[in-house]
Amino acid sequence: MPFTFVLFLLLVAGIVLIGLALTGAGSRDRSHEAPPRLPGHDVIEKRKKRENPEA
């Protein structure tokens, strides 16, 4: 195979893979799940518990 043809196929494959990644094809729908809890994001909740421990 000519080198330019192989390069063209690689370019097309790369564009297709980027398109799939951007559209999210094949990924599971997680919109019904709660967002992940990241470190440091519960500072406001901790402060509320300190101010009003009975709530």
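The values are calculated or read from the model by the stated rules, or taken from the named source; none is laboratory data. This one's a predicted model, so the numbers in the text were calculated from it and none came from an experiment. All Cβ positions, glycine included, derive from the backbone under ideal geometry; neighbour counts span all protein chains shown.
For the reader, a short list of remarks on this structure follows.
- Checking the stated criteria, Glu45 turns out to be part of a helix (DSSP H, G or I) and at pLDDT 80 or above.
- Residues satisfying the stated conditions in region 19-55, i.e. within 14 Å of the chain's Cα centre (by Cα) and β-branched (Val, Ile, Thr): Thr23
- Every residue from region 16-42 that is surrounded by 10 or more Cβ atoms within 10 Å (Cβ to Cβ) and either β-branched (Val, Ile, Thr) or touching a Ser or Thr at 6+ places or on another chain (Cβ under 8 Å) (or both): Val16, Ile18
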